[in-house]
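The values are calculated or read from the model by the stated rules, or taken from the named source; none is laboratory data. As the structure is a prediction and not an experimental result, all values here were calculated from the model. Backbone-built Cβ (ideal geometry, glycine too); neighbour counts: all protein chains shown.
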């Protein structure tokens, strides 16, 4: 199975950290797929600290940089050239729809 690559900015407000954790828990448990968080090299340490401090790291396999060019399905607030589901935040209001839509990609 191809990994789910989540833009790191979707783990922080205005996204709900609880909804981010619910998403990664669900994908990890029911799809058994690798979950990576993607960010810039200079942001890697900051996002690692944010994810660990807020108990969001449990279902994340690793943090990668954009330069590593990981292939997989992406959740990102910006449309990319690669296969991407564009979403501006992960929240309790859009989590059920997001999970339904991801079902066809994972």
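Run down 15, 19 and say which single residue is out of contact with any strand residue (DSSP E or B) (no Cβ under 7 Å at 6 or more places or on another chain), closer than 17 Å to residue 98 by Cβ, outside any helix (DSSP H, G or I) and at pLDDT 95 or above. Before you say what the answer is, go through the steps one by one.
Values: 19 fails: outside any helix (DSSP H, G or I).
Answer to the selection: 15.
Just to be sure I understand, how many residues within region 31-50 are farther than 23 Å from residue 105 by Cβ and not in a loop (DSSP other than H, G, I, E, B)?
So the first thing to find is which residues in region 31-50 are farther than 23 Å from residue 105 by Cβ, and the list is 40-50.
Still in the list and also not in a loop (DSSP other than H, G, I, E, B): 41-50.
Of the residues in that region, 10 qualify.
So, in region 26-68, exactly how many residues are under 11 Å from the mean Cα position of the chain (by Cα) and under 19 Å from residue 103 (Cβ atoms)?
The number of residues fulfilling the criteria is 4.
Which one of these does residue 82 not meet: (1) part of a helix (DSSP H, G or I); (2) loosely packed, with under 15 Cβ neighbours inside 10 Å?
Failed condition: (1).
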